[in-house]
Structures are given as structure tokens and as C-alpha cells.
Amino acid sequence: MQFPPQSLPSADDYPSLLRPGTSLFARRASRLRTLAGSAPAADWLNRLALLCDAQQTAFDALGDLGLRLPAGFAWQQAVSAGREAEIEAAWPAIYPQLASAMAAAGVAVADLGSAQASLPAVRALLAGEAEAALQSPTEAVLAAALQVVWTRFAQGLDVPTGKVLLAERGHCPCCGSAPLGSIVFAGQGRGGARYQECSLCATRWNAVRARCTLCDDPGVVAYLGIEDAFPAVRAEACEHCKGYSKLYFQDKDLVVEPLADDLATLALDVLVGEQGYARGAPNPFLLTG
Amino acid sequence: MNMNRRQFFKVCSAGLGGSSIALMGFSPNAALAEVRTFKLARATETRNICPYCSVSCGVLIYSTGDKSKNSQSEIIHIEGDPDNPVNRGTLCPKGAGLRDMIQSQNRLKWPEVREAGASEWKKISWNEALDRIAKHMKADRDANFVAQNKDGVTVNRWTTTGFLASSAAQNETGYLTVKMLRALGMTSIDTQARI
Ligand code: SF4
Ligand SMILES: [Zn+2]
Ligand SMILES: [Zn+2]
């Protein structure tokens, strides 16, 4: 008789880094449609689902960028450092595809030439350095085009499957952008582990639970959620920096998707903001102004 | 960690009513009306260690209640700490039932003493308890401390009192515990983390 091999919990060690899957944008689109359901902002979520569909089409057509991790890479800086132009070469070809998908959905956005003017604002937002969300549909579509190429880059990287010592946990180890929130996994192996998700390339990196990811203060964090709604989404709020970012719990909803669920739970942002906390995590599809 | 550049912003109802987001199909009135039907729930999450046994599993404790107001905080949930390398989020049945122990009616919440000859336990303060323990220790050490053994070799030992340390003690606490007790000459030192 054979027994399955057993191991102690301490033998489980989850990876520091997870690269994005090849159907990321399709999953986002389908999640947005599910969340649209009877939501008051259904039209908006459905339009963004179309944008994600177009992202997936462009992603599939783009193919592997052929960029690899340098040998002996030490994770002392973002992988992309110094190679941005090479990585981003494809975005101008992708932008018009996404723009026409949005036009078909009734959202007019600027042409490629004028969209270039929005680059600084989009870059500042993704870097976590903007003092407001993006302002126009053009900026959102531009960010979507950048997401396609950067996710392609991140997807092609052979990230280590074990622990690596990251120089910095506040920004994406792959592209240096700010995280849009964190997912907390359910199930065997990685259950309960928290990973931050990059707002640009969707790389996920491990971060300790019950600690503010915005300022790293070791004090107690508060979890703010909506009573009897959206059980999988909580804002992790910090008394030290008065900031918050959202956590998405798979054990409450297995198909939770950080970017999509964030947009469907803006009510939580409004209520948490009224408590005096400010958001420290960008989502390029959230527009204000 | 380089957090200096990170900026914060507020998502307020005015922003969601803006024209850009409306252009994308966001209907502010219905969405904002929905916000007003919601109520915010608040909990805190803190780390601790299961007190039961030597494994010393890490736990995450969720409590309700806002410390800034006069509300009573209550522990609503305890789960394994996925970041603790000892247990990686798992708990044995005893640890999984920790919340019931904390909220048990029978739980000892303060020091008690039963005086010699008395049949009743009496509640005392922590200060009284620590003073009593210190006096007992001193009396016992004064009576039983052995400076030299029968061959005249200096041993400086105190074998009649023992000490059981917490399983939740970290390395630093363990270091200080041993340093303190060895200085007194105590030889019987053990920890719950070994039982
Ligand atoms: S959870 Fe179980 S194994 Fe872990 S410390 Fe508590 S009693 Fe021991
Ligand atoms: Zn990234
Ligand atoms: Zn903080």
C-alpha cells in the first residue's frame, strides 16, 4: 500500500514572484461582465470589458517580445531598467486597435498623434506618483495599450519559482510600477498568501499580510469593508500614513480579479475616503474629473 | 523601501460624477445612490502566537471595535498566519479553536491566590502577584542557594525553584530570560516551546 508523501507546513514555501498568465485580459473582461450584472455602473463595466477584449486580441497578436532576464540577475532594481524603449516599441501600433474598439462601444478617444501628449500623466499614475486618477478616456486607453506590451514582456520572463530577495517591495520588481492592490490566495500551498499586483504588467509579488504596503509601518492595520456586500474586497487602511489599498480575498470569491473587482467596488473607496484615508494604489481605468 | 515618491488621492463622489467617467458609460446618480445604502464595517488584523504548545504557530487575529471610540473590541476570527514559516497558515484543531478559549467563561483573566489554609481563590492585582512571586523567590533562594559544593568547589546554584518560559517568547526574550535566571543561579529552566 502506498501513502501519498507528506510534508510539514514549514516545507511549503511559496514563490516571491508570479508572472501574469496568457489570458489575463480575457479573464478581466469576463470578470467585468460578471460584476456588471445588476451593478448601477453596468454600462461602464461592460465597456471596459470590451476594452479588455481588445487588449487580449492585441496581446495574442503581439507574441513573445524575446526579452529575457539577464544572467545572474540580482533583483536589485526593476528588470526593465534601461530597456523601456525596447519594451514599449509596440504600443503605438496597439493604441489604434484599442481606440477603435472603444469607438465601436461609443467612447471617442483621441488619435495616436494627440494621445502622445497624455503619456506623462499615464506614466506618473502607473508609477504611483500621480495625485489624482486619470482624467480622460484617451489616457485610459493609452494605459491599456501600455499594459498589453508590458504584460507581454512580463509574461515572457523566466521568473524564479522560489524565493528571491527583492530590493524593494513597494514597486513592481519587473517594471517598477505601483501595485493596484493585493490578492490573497485560497487553497493548498499558497493559501492565505498575499501578492501585490502590478498596475502595468500584472506581475504579482509576495508581501507580508497584516502590514501596510504603502509605508511599511509595523503598526496595526484596519480592514474596512462593506457590510453584507462585496465580501471578497477589503481596504487595508493604515493609521501611520493614512493611506489604504484594497485586498481581494480568493477564499470569499474564487474568481476575484484585482483590477476588475476594484472598479466594481468604488463605493468602498468613497466610504473609506470619508473616513479620512487616501488611496495609494492606481487603477488606470478609474477616471475622475 | 523607497516610498517617497508614492502619492495618494481620494476617490470622492464628486470625482465619480465627473464628465470623463460619465463619457465611458458610468452613471453617477445610480452609483452614488448605491453608496448611500452601504455601511462600512471595520476590523483590525494583528499577529500573535498560539499559546498552546511547543510548535508556536503564528496566528492572525481579527477584532472589531474602534480603539479611538469607547467601543469594546471583540475578537471575531482567528486563522493561521500564512507568513509564519512554522505553520504557513495551518493550525491544528486546538489552535483552530483558539477563539473559543479566548472567549471562554472559564478562562483565567487575572492572577489569583489561595492563601495557605484557605479554600477560596482570591483575585489579586498583577503588581501584588509579581511582588509575591519575588518575595517567594527571594525567601527560597536565601534558604537554599548553594555557593559551594561539599568538595569546596564554587557552584553558585539554586536548584529548588524552577522557571517555565512562554512558547511565544522570541529569541531576544529567551536570551534575557536565561541571562536573568542564570544570574540568580537557577538551574531548572524550561520553556513551553519544548513541551
Ligand atoms: S496550533 Fe496546534 S500545533 Fe500550533 S501551536 Fe497551537 S496547539 Fe500547537
Ligand atoms: Zn510591473
Ligand atoms: Zn501606511
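The values are calculated or read from the model by the stated rules, or taken from the named source; none is laboratory data. Keep in mind that what you see is a predicted model, and the values were worked out from it rather than measured. Virtual Cβ from ideal backbone geometry, glycine too; neighbours counted across all protein chains shown.
List of remarks:
- Here the stretch A:237-256 is the region considered, the condition is being crowded, with 20+ Cβ neighbours inside 10 Å and free of Cβ contacts under 8 Å to residues at least 40 places away in the same chain, and the residue that is nearest to the other protein chains (Cβ to nearest Cβ) is A:Gly243.
- With respect to the conditions (1) buried (at least 17 other Cβ atoms within 10 Å of the Cβ); (2) touching a residue at least 12 places away in the same chain (Cβ under 8 Å); (3) facing chain B (nearest Cβ under 9 Å), A:Val270 falls short on a single one, namely (2).
- Screening A:Arg209, A:Arg204 for residues that are in contact with an Asp or Glu (Cβ under 8 Å, 6 or more places away or on another chain), within 16 Å of ligand 3 (Cβ to nearest atom) and closer than 16 Å to A:Phe249 by Cα leaves exactly one candidate, A:Arg209.
- Only residues that are farther than 24 Å from A:Ala178 by Cβ, of a type in the set (D, E, K, R) and loosely packed, with under 14 Cβ neighbours inside 10 Å were counted across the stretch A:47-100, and they come to 2.
- With a requirement of 2 or more residues that are of a type in the set (Gly, Ala, Ser) and either in contact with a strand residue (DSSP E or B) (Cβ under 8 Å, 6 or more places away or on another chain) or within 16 Å of ligand 1 (Cβ to nearest atom) (or both), the strands (runs of 3 or more DSSP E) lying completely within the stretch A:161-235 that satisfy it span A:179-184, A:221-226.
- Lone unmet requirement of (1) surrounded by 14 or more Cβ atoms within 10 Å (Cβ to Cβ); (2) charged (D, E, K, R); (3) more than 7 Å from chain A (Cβ to nearest Cβ) for B:Lys10: (3)
Conditions (1) over 19 Å from the mean Cα position of the chain (by Cα); (2) of a type in the set (S, T, N, Q); (3) at pLDDT below 90, marked per residue:
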| site | (1), (2), (3) |
| --- | --- |
| A:Leu35 | no, no, no |
| A:Ser38 | yes, yes, yes |
| A:Leu50 | no, no, no |
| A:Asp53 | no, no, no |
| A:Gln76 | yes, yes, yes |
| A:Pro96 | yes, no, no |
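- Restricting A:Gly191, A:Gly162, A:Gly170, A:Gly176 to those that are within 12 Å of chain B (Cβ to nearest Cβ) and more than 19 Å from the chain's Cα centre (by Cα) reduces the list to A:Gly191.
- Selected residue (criterion: nearest to ligand 1 (Cβ to nearest atom)) from residues of the stretch B:151-176 that are surrounded by 12 or more Cβ atoms within 10 Å (Cβ to Cβ), modelled with pLDDT of 95 or more and of a type in the set (Ser, Thr, Tyr): B:Thr161
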